[in-house]
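Working notes for the structure below.
Just so it is clear, none of the values below were taken in a lab; they were calculated from the coordinates. Here the structure is a predicted model, which means the values were calculated and not measured. So basically every Cβ, Gly included, is an ideal-geometry build from the backbone, and we count neighbours across all protein chains shown.
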């Protein structure tokens, strides 16, 4: 068999939930680690080597100067760089603070802000070229597997960015917007989760980020029609992907 | 063929006979948000339903369907086809849905025969139920698809107050009710059915003329209504299209699908999957190297509506049956009949 | 005098974003202990201000990917305390069950992987 591809898993400003999603693939995990040479993964092993990687999965956004250095260094050493999860794509939930002056945030949280060295959160795409994006907070294990298998087979992964509505219809759910007048984010949010929340009667909160070519302004108008005010709408869009160009207008830029 | 009647309370006898021999699927909830699912006893069956969320096309063209499994062994391929031979009854389908299945039949048994579809179709028995309470969104009458049914059924039920009128439409239908003691319908019962038909027709408020629909599509390719619908303020009280694909996924006649392969972690075993697709999605028109035939939202919604008007793929007949599902499911409240009327008016 | 130094550059338990160094004398006495967390700050306390009460549980569960349930239930209790809501015994038991099962998962996970 050909040489195993070297893989690295890195964490920047995030919560490690995306890495956990790999661990949580109980049925596939052991088969998966046989196929790759895990070269760098601080959370899983002691001796790590970040040189000459084939694939790097980057979890988390960029919020400190040395993270900028780190991501550029990783980019240099990696053939195929993957933004792994919403934080790496656009900052995800930590990016909500981007609308608050940095000094104000620091003063609320730390008694002595002079010790803190932090900037606004951005996705890694702001600083380096990204080869693939795995959407989700965290990404679904199916999409992670799809990407890794495609990498082994050297084919393009099938990462669809259809809205949650598609998966809702596959499940046979009644539409929460039209039937229950609830402000569901489904029509602009990328699927991949299998519409878990709407299937359980909860509205989609948007954790997979924008779908391909979403019509965010139309959905904002629909929310207004349901009875949400402008503040509510802003909060809804300024959550998992407020920094994405697709939602920026609705998130209040 | 002869017609029979059965008391409503005796419907259990009929259903129990079917349950013994077949899997039976029918409406399991009352109202508009019903769904066609497996029926285990008469208590599960809600024949007073108005419409289902997902159309019964899911029994012939499932949202996700494994076509075959493959194995790679020493450079050779081994293929195992997945054939579903389950015989089933669809109980209580409305005329619009039966007509939609007839339209799907045309598509899947044309020049290229889809054996997965045809196999399922062959194993199905359709027991239709005439629609006496059409919903506010239905425009089946205009599309010649309802509210009463004249073809395509194996057995047809009509609610005539305390009884159901049973009409047989095929040999299959005749065979499955053999052995049951049913009373022959009287002339009075048949008259009652006609009366019900007239009443149901009156209840339908949405009226269109289907004859001008294909022409409408041809003449209005560059109409500004499409820009309104795609980007600006919507049409006739609607919001702009979200391109969420709901309309085409619930549509009983939308048949577009995507095919892809998946492999397991050994990278040697896998399967080929057919998944329902929607022309409203950006990925639908995408080809290799990133080209896309329908990049703009307005092009996609226009394409879908033209397809329903009957202008797509050189067709001259509308593929819409007027079930009204797309109107109900659209979060933007886009109403295809209102769009058609606006186009007609602005000509 | 320091006889032994235990040094871990990154602790997997805290997602590799912490370090510990312990100096131990000949007699087994800990002379010096340093625990560093170099995880970048994310300012949850700051951006939660001004959010609606029912969003808090969802947002705080993203504090940590290993123990989201603990953060979620704590946030829930904070909101309930603020609003003076008293929960039923059944709800409390269910939450306990969830918290314990999350803990079992976490411990099992740490035991198996690390």
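Helix A:216-226 versus the longest principal axis of chain A: what is the Cα-based angle in degrees, 0 to 90, to the nearest 10?
40 degrees
Give the dimensionless ratio obtained when the Cα radius of gyration of the stretch B:75-186 is divided by 2.2 N^0.38 Å. It would help to have the intermediate numbers written out before the result.
Values: Rg = 17.4 Å, N = 112, 2.2 N^0.38 = 13.2 Å.
Here the Cα radius of gyration is 1.32 times the empirical estimate.
How much space per residue, in cubic angstrom, does the convex hull of the C-alpha atoms of the stretch B:144-285 take up?
Hull volume over Cα atoms, normalised by residue count, gives 250 Å³.
What whole number of Å gives the distance from the Cα centroid of the stretch B:220-272 to the Cα centroid of the stretch C:40-77?
For the stretch C:40-77 versus the stretch B:220-272, the Cα centre distance is 35 Å.
Indicate the gyration tensor shape class of chain A (rounded, prolate or oblate), computed on the Cα atoms with a ≥ b ≥ c the square roots of the eigenvalues: a/c under 1.5 is rounded; otherwise a/b larger than b/c is prolate and the rest oblate.
Values: a/c = 2.25, a/b = 1.26, b/c = 1.78.
Oblate is the answer for chain A, as a/c is 1.5 or above yet b/c matches or exceeds a/b.
Order these by the 10 Å Cβ neighbour count, fewest first: B:159, B:299. Present the calculation step by step, with values, prior to reporting the outcome.
On the way: B:159 19, B:299 16.
Arranged by neighbour count, lowest to highest, B:159, B:299 become B:299, B:159.
Go ahead and collect, in residue order, the members of the stretch A:176-203 whose backbone nitrogen is under 17 Å from a label point 7 Å along the Cα-Cβ direction of residue C:101.
A:197, A:200
To make sure I understand, if each residue's beta carbon is the centre and we count other beta carbons within 10 Å, what order do B:111, B:198 fall in, fewest to most?
Taking fewest neighbouring Cβ atoms as first place, the list is B:111, B:198.
From the helices alone, meaning DSSP H stretches of at least four residues, give me the mean residue ellipticity at 222 nm for chain C, per-run term -39500 (n - 2.57), in deg cm²/dmol to the nearest 500.
Computed mean residue ellipticity for chain C: -14000 deg cm²/dmol.
Evaluate Rg over Rh across the protein assembly as shown, taking Cα atoms for both radii and Kirkwood's formula for Rh.
Radius of gyration relative to Kirkwood radius: 1.03.
Please work out whether chain B counts as rounded, prolate or oblate from its C-alpha gyration tensor, where a ≥ b ≥ c are the square roots of the eigenvalues and a/c under 1.5 means rounded, while otherwise a/b larger than b/c means prolate and anything else oblate?
Oblate shape, in that a/c is at least 1.5 and b/c is the bigger or equal ratio.
Under the definition of Cα pairs under 8 Å and six or more residues apart, what whole-number percent is the relative contact order of chain A?
Value for chain A: 17 percent.
Run the numbers on chain B and let me know its relative contact order in percent, using alpha-carbon pairs under 8 Å that are six or more apart.
With pairs under 8 Å counted, the relative contact order is 20 percent.
For a quick check: sort A:41, B:344, A:66 by the number of other beta carbons within 10 angstrom, fewest at the front.
Fewest-to-most Cβ neighbours within 10 Å comes out as A:66, B:344, A:41.
When only C-alpha pairs under 8 Å and at least 6 residues apart count, what is the relative contact order of the stretch B:3-203, in percent?
With pairs under 8 Å counted, the relative contact order is 22 percent.
Summing -39500 (n - 2.57) over the DSSP H runs of n ≥ 4 in chain A and dividing by its residue number, what mean residue ellipticity at 222 nm do you reach, to the nearest 500 deg cm²/dmol?
One gets -9500 deg cm²/dmol as the mean residue ellipticity at 222 nm.
With the cut-off at 1.5 for a/c, could you classify the stretch C:44-113 from its C-alpha gyration tensor as rounded, prolate or oblate?
In terms of gyration-tensor shape, oblate.
Can you give the helix-only mean residue ellipticity at 222 nm for chain B, where every DSSP H stretch with n ≥ 4 adds -39500 (n - 2.57) and the sum goes over all residues, rounded to the nearest 500 deg cm²/dmol?
One gets -8500 deg cm²/dmol as the mean residue ellipticity at 222 nm.
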